[in-house]
Each structure stands twice: as C-alpha cells, then as structure tokens.
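So the structure is just underneath, and the comments pick up after that.
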Amino acid sequence: MHYRPMTIEDYDAAVALWLSTEGVRLRDADSREGIDKYLQRNPGLSFVAEQDGNLVGTIMAGHDGHRGFVQHLAVAAVCRKQGIGTELVRRCMNALKHEGIQKSHLMLLVDNDAGKRFWKRLGWEFRTDIELHSFILSGGPNA
C-alpha cells in the first residue's frame, strides 16, 4: 500500500470512491473547486492510499488553528479490514498534531453504524453535550 498527501489530481478517483462508500455524503462544497480550495488551505493534512496505481482510500482534514476537523474517510469495499483506514487516520492525526492541534472533531451521519464502530474502536468519543447547528450563507440546501 502506498500512502501520500492528497492532491487535486486525485479528485475524480476520490469522488468515485466517495460515491461508492456508504456513510459518505457529498455536498456542493465537494466540487473540484471546493476541494482544491480546501487542500490549498490545509496543505499536507489530507491523504490517499493507493494500491497498484488505484486510489483505494481517502481522508481529508483541516483546522482553524484551534481544532482539527476530519472528513471523507473512505476505503474501497474490497480493501477493508486491512488497516488502511486506521493508517489514514494515524497519518492525518500526526499531521494535525504537527500543526499544534490537540483535539479534532468529525461528523458522522446518524445512520452510519459501521463508521460509528470504526471511530469508537480508534478511541474517538461520541459527544452528547454539544449540538451541531448550520446556517447556509449562499447556495441551496445542498451547500
């Protein structure tokens, strides 16, 4: 398995993987332009896994200088249970730690039971003391 930082050249393969992965929902912000902007704002924090030249895993991360945020962890179904997701998370967390980030958050869809089990196994804690609220500044309901 080959791991490396994600680049915008990975976009088409990443979207194909995300669309085939349960628990990953794409939004308008996941356009090529949106992902390119995200990667440029957060260099070296997002990673891909490749096997035989094919993209089989992704994770994206960024931070606001205070907290890290993780999203779009996906591993191709035929490659699961090989430690790829765990390694992507490890690399991502190390990169955030190198940036001085001490705590990170992620959001899961409420029906993503496999994702909940995965993150819990890695030591992530489900929070019941906070709520997530969103406000759309522009665009439609898929912003």
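On the basis of being open to solvent by 30 Å² or more (accessible area, probe 1.4 Å), modelled with pLDDT of 95 or more and aliphatic (A, V, I, L, M), does L88 make the cut? Walk me through how you get there before you give the answer.
On the way: open to solvent by 30 Å² or more (accessible area, probe 1.4 Å): no; modelled with pLDDT of 95 or more: yes; aliphatic (A, V, I, L, M): yes.
So L88 does not fit the description; no.
Which residues, taken from region 45-58, are more than 17 Å from H98 (Cα to Cα) and of a type in the set (A, V, I, L, M)? Before you say what the answer is, go through the steps one by one.
So the first thing to find is which residues in region 45-58 are more than 17 Å from H98 (Cα to Cα), and the list is 48-58.
Correct list: V48, A49, L55, V56.
Looking only at region 50-69, count how many residues are under 14 Å from the mean Cα position of the chain (by Cα) and open to solvent by 70 Å² or more (accessible area, probe 1.4 Å).
Here the count works out to 1.
Got a number for residues in region 70-84 being open to solvent by 60 Å² or more (accessible area, probe 1.4 Å) and over 16 Å from L108 (Cβ atoms)? Walk me through it before giving the result.
Restricting attention to region 70-84, the residues satisfying the condition of being open to solvent by 60 Å² or more (accessible area, probe 1.4 Å) are 71, 77-78, 80-82.
After this cut, where a residue has to be over 16 Å from L108 (Cβ atoms) as well, the list is 77-78, 80-82.
So the count comes out to 5.
Could you list, in sequence order, the residues of region 6-27 that are surrounded by 12 or more Cβ atoms within 10 Å (Cβ to Cβ), of a type outside the set (V, I, T) and either in contact with a Phe, Trp or Tyr (Cβ under 8 Å, 6 or more places away or on another chain) or not in a loop (DSSP other than H, G, I, E, B) (or both)?
M6, D10, Y11, A13, A14, A16, L17, W18, L26
Here are some conditions: (1) exposed (fewer than 13 other Cβ atoms within 10 Å of the Cβ); (2) within 25 Å of S31 (Cα to Cα). N94 meets all but one. Which one does it not meet?
Among (1) exposed (fewer than 13 other Cβ atoms within 10 Å of the Cβ); (2) within 25 Å of S31 (Cα to Cα), the lone unmet condition for N94 is (2).
Report every pair of residues separated by at least 6 positions or lying on different chains whose Cβ atoms are under 7 Å apart, first residue within region 30-44 and within 14 Å of I101 (Cβ to Cβ), second among the β-branched types (V, I, T) and assigned to a loop (DSSP other than H, G, I, E, B).
Filtered contacts from region 30-44: no entries.
The values are calculated or read from the model by the stated rules, or taken from the named source; none is laboratory data. Treat the numbers as computed from the prediction; the structure is a model and nothing was measured. Using ideal geometry, Cβ is built from the backbone for each residue, glycine included, and neighbour counts are taken over all protein chains shown. Please note that ligands, DNA and RNA were not included when accessible areas were found on the heavy atoms of the full protein model with its side chains. Shrake-Rupley method; radii C 1.70, N 1.55, O 1.52, S 1.80 Å.
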